Amino acid sequence: MPRIPFEKLPADARLWIFPASRALTETERGRVLAEADTFIDQWMAHGVPLAAARDVRHDQFILVGVDEHAAGVSGCSIDALTRRMAHLQSALGVELVENGPVLYRNGEKIERVPRDRFAELASRGDVTPDTLVFDNTIATVGDLRSGRWEVPARDAWHARAFF
């Protein structure tokens, strides 16, 4: 199935967010998009091609979405996506598949810290429930479009975990 533009994905399309450990360079971003395109062009679930798209946001977040109306993703197809991203992680030397760290805004800068460090920052008041965080657990493109991705910590899982 041909790759589709990310903006053409329906609101209920499944979404995976791969947060890079740092901002990607222009060259790295180009490689990530090319690798994602190659993968998407052959991505299947139980032999059925998937209608999928990719995007990069803030030079640091790789987004992959799948329109499941034609064919739903399977555990094996999700594993294949994760394996491809892990391969790309090794090739670039940039962490992509580690979901443990917390990513948040410090002014205009995007910070990435381990959860225990974010807890320390919260206990000192350096980050607050008003701090903008990236909720990479959102599950659909509609969540992304409706503003549920970059939100005050009080509106994400971060509120329960740290405040």
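General observations
- Label point at Asn106 placed 7 Å out along Cα→Cβ; residues across segment 21-43 whose backbone nitrogen lies under 18 Å: 21-24
- Relative to one another, the C-alpha centroids of segment 127-159 and segment 59-76 are positioned 19 Å apart.
- Contour excess over end-to-end distance, with Cα ends at Asp12 and Ala119 and 0.36 nm allotted per residue: 35.3 nm
- Per residue, the chain exposes 50 Å² of solvent-accessible protein surface, assessed with a 1.4 angstrom probe and all protein chains in place.
- The share of accessible area on the chain that comes from carbon and sulfur is 49 percent, using a 1.4 angstrom probe.
- Sequence-separation-based contact order of the chain, relative, with Cα cut under 8 Å and 6+ spacing, percent: 26
The values are calculated or read from the model by the stated rules, or taken from the named source; none is laboratory data. Keep in mind that this is a model prediction, so the values were computed, not measured. So basically every Cβ, Gly included, is an ideal-geometry build from the backbone, and we count neighbours across all protein chains shown. The protein model used for the area step is the full one, side chains on, heavy atoms only, and it has no ligands, DNA or RNA in it. Shrake-Rupley method; radii C 1.70, N 1.55, O 1.52, S 1.80 Å.
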